[in-house]
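The next block holds one structure in the form of structure tokens; read it before the comments.
The values are calculated or read from the model by the stated rules, or taken from the named source; none is laboratory data. Small disclaimer: the values here were computed from a predicted structure and weren't measured. Neighbour counts are summed over all protein chains in view; Cβ atoms, including those assigned to glycine, are modelled from backbone coordinates with ideal geometry.
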Amino acid sequence: MYKGKLDIVREEIKRLNIDILGISEMKWTGRGHFGGENDKVIYSGHERHKKNGVGMIITKQVEKSLIGYKAVNDRIMYIRVEARPVNITWVQVYAPTTGANEKDIEEFYRSLQSVMNEIPRKDVVILMRDWNAKIGKVEESETVGKYGLGNRNDAGERLLKFCEENALFIANTFFKQPERRLHMDITGWEIQKSNRLHNRKKVEKRDPSSENKTGYRL
């Protein structure tokens, strides 16, 4: 993401009134953060190569409640925010594509599982795109709702297994959306910790007016 694109994203954040934005494929090197006039950018990239990369942009208001963040690698990072009645952890991911080798896929899920293991158990946990997976239309108990799309692929099966092992549910599939939205979001599922929001009344829904990024209000 070049500076010009970052400026455009910042304008969209203001227009859509988004507090937390997750970004995949930033393609920046290194790890760190820097502040702007109205926000804070946190990023986690490859050490040497401009590939993959994840990041988050948070407003100054959210920054006041920021407990901390961890730049795990060029595919995973997370922030923790102080909230009531419990704190919230947002994890931003960029999963390997379906054409990736099995070693890279397994390494990604090992790293992600390590992150899940270190997040305090009382936290609400929200995992944001990109998963590069097709989860399909088939309901799966409390993990997948009835509003999926298409046929589940191998990447979708692997994602489903991860969700079941960690008591997560794929939030997008529990909300009915226009089919054009589903086509756009087929690889961008939003996933949450189901045993923290079991009655689903507090499940955040992705802003339908945002075309390609994910923002959640506290």
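Any idea which residue in the range 128-154 is nearest to Leu21 (Cα to Cα), counting only those that are within 16 Å of the chain's Cα centre (by Cα) and modelled with pLDDT of 85 or more?
Step one: list which residues in the range 128-154 are within 16 Å of the chain's Cα centre (by Cα), which gives 128-135.
Next, from what is left, pick out any that are modelled with pLDDT of 85 or more: 128, 130-135.
Values: Met128: 9, Asp130: 13, Trp131: 16, Asn132: 18, Ala133: 21, Lys134: 22, Ile135: 23 Å.
The extreme case among them is Met128.
Name the residue that is nearest to Arg31 (Cα to Cα), counting only residues in the range 75-125 that are of a type in the set (Phe, Trp, Tyr) and in contact with a helix residue (DSSP H, G or I) (Cβ under 8 Å, 6 or more places away or on another chain).
In the first step, residues of the range 75-125 are kept if they are of a type in the set (Phe, Trp, Tyr); the result is 78, 90, 94, 108-109.
Cutting the leftovers down to in contact with a helix residue (DSSP H, G or I) (Cβ under 8 Å, 6 or more places away or on another chain) gives us 78, 109.
On the way: Tyr78: 12, Tyr109: 20 Å.
My answer is Tyr78.
Table: residues versus (1) part of a loop (DSSP other than H, G, I, E, B); (2) more than 14 Å from the chain's Cα centre (by Cα); (3) among the charged types (D, E, K, R); (4) farther than 27 Å from Pro120 by Cβ.
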{"site": "His33", "(1), (2), (3), (4)": "no, yes, no, no"}
{"site": "Glu37", "(1), (2), (3), (4)": "yes, yes, yes, yes"}
{"site": "Lys40", "(1), (2), (3), (4)": "no, yes, yes, no"}
{"site": "Tyr43", "(1), (2), (3), (4)": "no, no, no, no"}
{"site": "Arg48", "(1), (2), (3), (4)": "yes, yes, yes, yes"}
{"site": "Lys51", "(1), (2), (3), (4)": "yes, yes, yes, yes"}
{"site": "Gln61", "(1), (2), (3), (4)": "no, yes, no, no"}
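If I filter the range 132-142 for residues that are surrounded by fewer than 16 Cβ atoms within 10 Å (Cβ to Cβ) and either in contact (Cβ under 8 Å) with a residue 40 or more places away in the chain or assigned to a helix (DSSP H, G or I) (or both), do I get at least one hit?
No, every residue in the range 132-142 fails to be surrounded by fewer than 16 Cβ atoms within 10 Å (Cβ to Cβ) and either in contact (Cβ under 8 Å) with a residue 40 or more places away in the chain or assigned to a helix (DSSP H, G or I) (or both).
Being surrounded by 14 or more Cβ atoms within 10 Å (Cβ to Cβ) and among the basic types (Lys, Arg) is the filter here; which residues of the range 111-131 pass it?
Quick first cut of the range 111-131, residues surrounded by 14 or more Cβ atoms within 10 Å (Cβ to Cβ) only: 111-112, 115-116, 119, 123-131.
Once the filter is applied, which keeps residues that are surrounded by 14 or more Cβ atoms within 10 Å (Cβ to Cβ) and among the basic types (Lys, Arg), the range 111-131 yields only Arg129.
Considering the range 19-74 alone, what residues qualify as being in contact with a helix residue (DSSP H, G or I) (Cβ under 9 Å, 6 or more places away or on another chain), β-branched (Val, Ile, Thr) and more than 17 Å from Phe108 (Cβ to Cβ)?
Answer for the range 19-74, where residues must be in contact with a helix residue (DSSP H, G or I) (Cβ under 9 Å, 6 or more places away or on another chain), β-branched (Val, Ile, Thr) and more than 17 Å from Phe108 (Cβ to Cβ): Ile20, Ile23, Val41, Ile57, Thr59.
Counting only residues that are among the hydroxyl-bearing types (Ser, Thr, Tyr) and more than 21 Å from Leu6 (Cα to Cα), how many does the range 44-99 have? Reasoning before the result, please.
Applying the first criterion (among the hydroxyl-bearing types (Ser, Thr, Tyr)) to the range 44-99 yields 44, 59, 65, 69, 78, 89, 94, 97-98.
This time we only want the ones that are more than 21 Å from Leu6 (Cα to Cα), so: 65, 89, 97-98.
Qualifying residue count for the region: 4.
So, in the range 56-110, of the ones that are touching a residue at least 40 places away in the same chain (Cβ under 8 Å) and among the small types (Gly, Ala, Ser), which residue ends up surrounded by the most Cβ atoms within 10 Å (Cβ to Cβ)?
Checked the range 56-110; the qualifying residue surrounded by the most Cβ atoms within 10 Å (Cβ to Cβ) is Ala95.
If I ask for residues that are part of a loop (DSSP other than H, G, I, E, B) and under 18 Å from Ile23 (Cα atoms), which ones from the range 87-126 would you list? Before the answer, list the steps.
The initial filter retains those residues of the range 87-126 that are part of a loop (DSSP other than H, G, I, E, B), namely 87, 94-101, 119-123.
Once the filter is applied, which keeps residues that are part of a loop (DSSP other than H, G, I, E, B) and under 18 Å from Ile23 (Cα atoms), the range 87-126 yields Tyr94, Ala95, Pro96, Thr97.
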